[in-house]
Amino acid sequence: MDIYGILAHPANYSMSPIVHNAGFQALNLTARYERFDIPPDKIDLFFEKVKEKRVGLSVSMPYKEEVAKYCGEVSIAAKKIRAVNSLYWRNGKLIGHNTDVIGIKKPLLEKIDLEGKHVVVLGAGGAARAAVYAAEISGSKVTVLNRNIEKAKELAKEFGCFYGSLEDYDKETADVVIQATSVGMMNDESLFTEKNFHPGQIVFDIIYRPLKTKFLEYAEKAGADIITGDKMFLVQAFEQFKIFTGKDAPQEVMKKAFYAALEKDEEMYE
Ligand code: ATR
């Protein structure tokens, strides 16, 4: 039996067990995916078990940075973003990777060729780093805007992009906007309103609870083309599934499990 799981603290919010287990079942794999809610003082001990049993992991808060130290190898993307969200075994080595990059890049590329486009990333945390990297490797010009401008400046220095405060946002020059702050998560707050968007713009919110954030509601009203955060979650999960099992993810089955769970979850906090 191959063992996988989500490593987080807390881990009860994660949709990953539902989605991956649905995939394992659909392909009749002798594998299971668990929730590993590990407090910080038990993490060393946990990794001893991971090594002994060759467990593959998705990684979430607060461990995305820390787990690199347990890896035999870390991918270029994960190094650049300074965050590992996937851990898997290859030739006896634990490899750290980040599938959030493809989770952001792929849904965008389905809508627009990013080459030469101006992408504005809102936020300067871990999610924003993945967004900036995804946009840069796709050939776009990137500006990162954050409430705390010092953090935006630091990120911009590292990635060689432009930066500013949220007030510096200019809708006319932004072809794509990626909302990568935590504003709007499980509530109806929004950094921008309808007047901040224009038709033809691509607007991506990485939050998927709720499925359509207030931010995206405003963008849609203004005529922008929106991408909801579930796309990012699903694409990164499909990629993880492939890395874990070596098989193409049964996407429809996994999607169905995800939306059913999300619906239940939304009823819970409404
Ligand atoms: P993650 O790793 O999920 O990106 P994070 O590192 O805590 O999480 O980053 C959260 C981001 O949301 C930051 O960019 C934060 O802005 P600050 O650096 O100024 O704190 C942003 N954020 C959170 N609450 C915000 C708010 N009310 N208004 C504007 N930005 C906010």
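Among residues of the stretch 178-193 that are in contact (Cβ under 8 Å) with a residue 40 or more places away in the chain, those with a beta-carbon under 7 Å from a residue that is away from the ligand (no atom under 11 Å from the Cβ) and of a type in the set (Asp, Glu) at least six positions away or on a different chain give the pairs Gln179/Asp205.
Looking at the stretch 43-57, is at least one residue in contact with a Gly (Cβ under 9 Å, 6 or more places away or on another chain) and within 16 Å of the ligand (Cβ to nearest atom)? No, the stretch 43-57 contains no residue that is in contact with a Gly (Cβ under 9 Å, 6 or more places away or on another chain) and within 16 Å of the ligand (Cβ to nearest atom).
For the stretch 184-200, the candidate set comprises residues that are within 11 Å of the ligand (Cβ to nearest atom) and not hydrophobic (A, V, I, L, M, F, W, C); within that set, the residue that is nearest to Leu166 (Cα to Cα) is Ser190.
Restricting to the stretch 24-48, and then to whatever is out of contact with any helix residue (DSSP H, G or I) (no Cβ under 9 Å at 6 or more places or on another chain) and over 14 Å from Val67 (Cα atoms), can you tell me which residue is surrounded by the fewest Cβ atoms within 10 Å (Cβ to Cβ)? The extreme case among them is Asn28.
Filtering the stretch 136-152 to residues that are assigned to a helix (DSSP H, G or I), within 15 Å of the ligand (Cβ to nearest atom) and buried (at least 16 other Cβ atoms within 10 Å of the Cβ) leaves Ile149, Lys151, Ala152. So which residues in the stretch 118-135 are out of contact with any Lys or Arg (no Cβ under 7 Å at 6 or more places or on another chain) and part of a loop (DSSP other than H, G, I, E, B), if there are any at all? Correct list: Gly123, Gly125. Take the stretch 119-135 and flag every residue that is buried (at least 18 other Cβ atoms within 10 Å of the Cβ) and free of Cβ contacts under 8 Å to residues at least 60 places away in the same chain. Listed by number, the residues that qualify are Val119, Val120, Val121, Gly123, Ala124, Ala128, Arg129, Ala130, Val132, Tyr133, Ala134, Ala135. Inside the stretch 33-66, residues that are in contact with a strand residue (DSSP E or B) (Cβ under 8 Å, 6 or more places away or on another chain) and either of a type in the set (Ser, Thr, Tyr) or not in a loop (DSSP other than H, G, I, E, B) (or both) make up a count of 15. Of all residues in the stretch 101-131, those that are within 13 Å of the ligand (Cβ to nearest atom), within 12 Å of the chain's Cα centre (by Cα) and at pLDDT 95 or above total 5.
For Ala156, the conditions (1) under 19 Å from Thr193 (Cβ atoms); (2) in a helix (DSSP H, G or I); (3) within 16 Å of the ligand (Cβ to nearest atom); (4) of a type outside the set (S, T, N, Q) all hold with the exception of (1).
The values are calculated or read from the model by the stated rules, or taken from the named source; none is laboratory data. The model shown is predicted, which means the values in this text are computed figures rather than measured ones. Virtual Cβ from ideal backbone geometry, glycine too; neighbours counted across all protein chains shown.
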